[in-house]
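Scroll down for the structure; my scribbles are underneath it.
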């Protein structure tokens, strides 16, 4: 399966990675690369827990165009 992730740097310089299609699936790292690797493990674990609890594995996400 392929997932989109977001990467953002916080005020302390830590990289935060999130998988928008899996609620609560967040990780972090000192570098973008570390955060990206850590979110892979978090995604696997989140999918496992959601399956065990009988939740849908993902939620629907979509992109909207906003003109500013």
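Give the stretch 2-18 a look and list any residue that's under 21 Å from residue 59 (Cβ atoms), assigned to a loop (DSSP other than H, G, I, E, B) and free of Cβ contacts under 8 Å to residues at least 12 places away in the same chain, or say none. Write out each step before concluding.
First, pick out the residues of the stretch 2-18 that are under 21 Å from residue 59 (Cβ atoms): 2-8, 16-18.
Now drop any that are not assigned to a loop (DSSP other than H, G, I, E, B), which leaves 2-5.
Hit for the stretch 2-18 is 2, nothing else.
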Looking at (1) under 19 Å from residue 63 (Cα atoms); (2) exposed (fewer than 15 other Cβ atoms within 10 Å of the Cβ); (3) out of contact with any strand residue (DSSP E or B) (no Cβ under 8 Å at 6 or more places or on another chain), find the lone condition where residue 21 falls short. (2)
Mind checking which pairs have a first residue in the stretch 26-40 that is at negative phi and a second that is surrounded by fewer than 15 Cβ atoms within 10 Å (Cβ to Cβ) and in a loop (DSSP other than H, G, I, E, B), Cβ under 7 Å, 6 or more apart or different chains? 28/14; 30/14
Residues being under 11 Å from residue 22 (Cα atoms) and more than 16 Å from the chain's Cα centre (by Cα) - total across the stretch 41-55: 1
Take the stretch 32-58 and flag every residue that is part of a loop (DSSP other than H, G, I, E, B) and surrounded by 11 or more Cβ atoms within 10 Å (Cβ to Cβ). 55, 57, 58
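FYI, it's all coordinate maths here, none of it is from the lab. Only a predicted model underlies this, so the values are computations on that prediction, with no experimental measurement involved. Cβ atoms come from the backbone with ideal geometry, glycine included; neighbour counts cover every protein chain shown.
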